[in-house]
Amino acid sequence: MINLFEEVQISKRSHKSLVKKLNNSYLKQFDIKTNPKPMNILLNCVLDQTLLHVKNNSNIQRLIAFFGLAITSFDDQVKAICFQHLFKRLKSTLKHVRQRVCQLIEEFLRSLSELGIEIDCNLLSELSLNLLTRLRDKVPTVRAAAVNALIHLQDPNDKNDSVIGGLLELLRIESAVTVRNAVVKVISLCEITK
């Protein structure tokens, strides 16, 4: 498994094949329902070490992109385990951890969109709720990362969409230019935003 994560850091081109390799050679060997230890190792050792890395570099960005893509390939039960883990990390006292979790969720949602995969409505609601909470984070970079992830959860056809409402509220009260720019860049054009 160490070799797999070393390959992940080299290039994004190989991520799809490495996700298959992760699923076939590592996770398929275990029944996650009866033995969650391999998943715990993956989340607590590999993912958390990525989230804890303070400096932002291309290797960390490739690892985040890989995890976002990998989670799309997991079954619903394993996805739920992953997101419960990530939702706990969104409450971290470390700002870079909260920011990286938002980035990982953005990568997950982008991968879903690119692959045309639909997910459970309850999970989408939980994602929206957790990301909307991060719009009130005290750190602007975390707020901006949450905004970038929320692009995938907007429903421009719903006049009462909570995501668009949250983005509009943030735009109204936000003092950080980078966050305001992020909101303007991602908010859907619809009746509410005109």
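Summary of computed values
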read-out	value
Condition met for A149 (modelled with pLDDT of 95 or more and farther than 26 Å from K79 by Cα)	no
Selection status of S125, surrounded by fewer than 18 Cβ atoms within 10 Å (Cβ to Cβ), within 17 Å of A149 (Cβ to Cβ) and in contact with a His (Cβ under 8 Å, 6 or more places away or on another chain)	no
Filtered residues of segment 168-181 (kept if farther than 20 Å from L104 by Cβ, crowded, with 19+ Cβ neighbours inside 10 Å and not charged (D, E, K, R))	L170
First in segment 147-170 and over 14 Å from K185 (Cβ atoms), second anywhere and part of a helix (DSSP H, G or I) and β-branched (V, I, T), Cβ under 6 Å, 6 or more apart	L153/V163
Selection status of S92, over 23 Å from N57 (Cα atoms) and open to solvent by 10 Å² or more (accessible area, probe 1.4 Å)	no
Total residues in segment 114-134, condition acidic (D, E) and in a loop (DSSP other than H, G, I, E, B)	2
All positions within segment 52-69 that are touching a helix residue (DSSP H, G or I) at 6+ places or on another chain (Cβ under 6 Å) and over 18 Å from R110 (Cβ atoms)	H53, V54
Candidates V54, V101, V78, V19, filtered to the one that is of a type in the set (A, V, I, L, M), at pLDDT 95 or above and either closer than 23 Å to E118 by Cα or open to solvent by 60 Å² or more (accessible area, probe 1.4 Å) (or both)	V101
Test for L69: is it crowded, with 18+ Cβ neighbours inside 10 Å and among the aliphatic types (A, V, I, L, M)	yes
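Table: residues versus (1) open to solvent by 60 Å² or more (accessible area, probe 1.4 Å); (2) over 24 Å from L94 (Cα atoms); (3) basic (K, R).
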site	(1), (2), (3)
G116	yes, yes, no
V139	no, no, no
I164	no, yes, no
V183	no, no, no
V186	no, yes, no
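The values are calculated or read from the model by the stated rules, or taken from the named source; none is laboratory data. These figures come from a predicted structure and were not determined experimentally. Here the Cβ is made from the backbone with ideal geometry for all residues, glycine too, and neighbour counts use every protein chain on show. Quick note on the areas: whole protein, heavy atoms, side chains included, nothing else; ligands and nucleic acids left out. Shrake-Rupley method; radii C 1.70, N 1.55, O 1.52, S 1.80 Å.
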